[in-house]
Amino acid sequence: MNHVEPLLRVRDAGHRYGDRFGCRGVDFDLWPGEVIAVVGESGSGKSTLLGTLAQRLDLSEGSIRYGRTDGESVDLGHLGESAVRRLWRSEWGFVHQDPADGLRMHVSAGGNVGEPLMADGWRHYGRIREVAAHWLQRVEIPVDRIDDHPTTFSGGMRQRLQIARNLVISPRLVFMDEPTSGLDVSVQARLLDLIRGLVSEFGLSVVIVTHDLAVARLISHRTLVMKDGRVIESGLTDRVLDDPHAAYTQLLVSSILQG
Ligand SMILES: Nc1ncnc2c1ncn2[C@@H]1O[C@H](COP(=O)(O)OP(=O)(O)OP(=O)(O)O)[C@@H](O)[C@H]1O
């Protein structure tokens with residue numbers, strides 16, 4: 001019998017800024033193909049948690065284990081830099097809120113998508129360009145824009161390009177930090193649809209930070225609600241949003257804390 005292991009096993013995880021914790025005591029498992037949303041008002045610790053999971057911030061306490069493709073479970077708190085870089089090259093993606101943080105703005109769209117392949121050892125230029133063109137199509141960017149720089153793209157196109165740059169290496173785990181905020185509502189809806197389709201097609205595991213409960217509702221299976229750096233409620237997204245147990249989640253759902 002196949003024994004399925006979680007992709008991430010997070011136990012009592014915390015990150016400290018100086019003498020204050022940005023997030024603390026976080027426990028959850030992320031299973032293959034699962035999308036977890038992290039919600040909460042501004043300052044509740046969402047970005048700190050995401051940064052800690054993604055190894056951008058030190059783990060000050062607790063443990064985070066990751067089940068690699070090769071079947072080995074590694075302790076992210078003690079993984080060397082080169083092993084982490086390897087994960088970014090072949091297993092992980094990170095979609096930033098601001099596409100400029102995840103793209104090279106003065107490299108062509110095709111170059112932006114091809115670069116991660118080259119970093120992963122691809123050498124055949126024609127093949128790389130072909131795959132890049134394929135990915136532009138997948139994210140609904142006209143292929144005749146392949147040689148244009150993202151500086152000439154709209155906000156929505158830039159975000160879709162950032163997604164292509166992340167997905168081209170077929171990651172298993174993608175971190176997303178408010179990927180749809182800052183865009184017009186209609187652009188947001190289209191982008192969310194696209195993300196949702198790609199996530200389910202590729203069976204991606206995702207941790208997505210959002211302050212927008214509609215985003216959590218639309219794409220996540222489970223939701224973690226954060227307040228003051230702690231997860232104060234978690235469960236299936238529909239349950240958390242339709243029948244919130246914590247008083248804070250009830251306020252959040254009734255929009256009083258949003259905006
Ligand atoms: N670089 C930093 N140095 C010190 N404290 C920080 C730093 N970044 C965040 N914090 C603090 O950690 C706590 C959690 O912040 P965090 O940015 O993770 O919240 P958030 O929920 O992501 O908020 P937002 O939605 O506004 O991004 C807050 O009290 C914040 O002031």
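Derivation of every value follows stated rules applied to the coordinates shown; laboratory data play no part. For clarity, every value in this text was computed on a predicted model and none was experimentally measured. As a convention, Cβ positions derive from the backbone with ideal geometry for all residues, glycine included, and neighbour counts pool all protein chains shown.
What the table below lists for this structure:
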{"quantity": "Added length on full extension, which subtracts the Cα-Cα distance from 0.36 nm per residue, VAL4 to ASP29", "calculated": "7.8 nm"}
{"quantity": "For the chain, with +1 on Lys and Arg beta carbons and -1 on Asp and Glu, the positive-most of VAL26, ALA37, HIS96 along the dipole", "calculated": "HIS96"}
{"quantity": "Residues LEU236 and ARG123, FRET efficiency given R0 of 41 Å [Cβ-Cβ distance, rounded to 0.05]", "calculated": "0.35"}
{"quantity": "Alpha carbon centroid spacing (whole Å) that separates region 100-129 from region 210-259", "calculated": "37"}
{"quantity": "Pair GLN137, TYR17: separation of 7 Å Cα→Cβ label points (nm)", "calculated": "4.5"}
{"quantity": "Modelled FRET efficiency - R0 22 Å, GLN250 with ALA189, Cβ distances, 0.05 increments", "calculated": "0.25"}
{"quantity": "D (Stokes-Einstein, µm²/s), Kirkwood Cα radius, the chain, 1.567 mPa s at 4 °C", "calculated": "68"}
{"quantity": "Calculated P(r) of region 1-155 - Cα pairs past 18 Å, %", "calculated": "67"}
{"quantity": "Nearest-20 debye value, region 104-170 charge dipole, Cβ charges on Lys, Arg, Asp, Glu", "calculated": "120"}
{"quantity": "Cα centroid separation - region 149-202 against region 24-94, whole Å", "calculated": "20"}
{"quantity": "Net length gained if the chain between GLU201 and ARG56 were fully extended (0.36 nm per residue, minus Cα distance)", "calculated": "49.4 nm"}
{"quantity": "0 to 90° range, to nearest 10: angle between helix 155-167 axis and the chain longest Cα axis", "calculated": "90"}
{"quantity": "Among beta bridges that DSSP assigns inside the chain, antiparallel share in %, nearest 5", "calculated": "55"}
{"quantity": "Highest-MSF residue in the chain out of THR180, THR52, THR152 [GNM, Cα springs under 10 Å]", "calculated": "THR152"}
{"quantity": "Modelled FRET efficiency - R0 45 Å, THR152 with SER42, Cβ distances, 0.05 increments", "calculated": "0.90"}
{"quantity": "Gaussian network model of the chain, springs between alpha carbon atoms under 10 Å - residue of GLY114, GLY156, GLY18 with greatest fluctuation", "calculated": "GLY18"}
{"quantity": "Helix 125-138 axis, angle to the chain major axis (alpha carbon atoms, nearest 10°)", "calculated": "50"}
{"quantity": "GLU233 long-range amide H proximity, modeled H, under 5 Å", "calculated": "VAL225"}
{"quantity": "Kirkwood Rh and Cα Rg combined as Rg over Rh, evaluated for region 170-259", "calculated": "0.97"}
{"quantity": "Alpha-carbon Debye profile of region 104-170, log10 I(q)/I(0) at 0.15, 0.24 Å⁻¹", "calculated": "-0.37, -0.97"}
{"quantity": "Paired Rg and Dmax values of region 118-214, which use every Cα atom, in angstrom", "calculated": "13.9, 43"}
{"quantity": "Inter-label distance for GLU72 and VAL107, nm, one decimal - labels placed 7 Å from Cα along Cα-to-Cβ", "calculated": "2.8"}
{"quantity": "Average Cα contact separation per residue, the chain, under 8 Å, 6 or more apart, as relative contact order %", "calculated": "26"}
{"quantity": "Choice from LEU103, LEU87, LEU161 showing the highest fluctuation, given a GNM over the chain with Cα pairs closer than 10 Å", "calculated": "LEU87"}
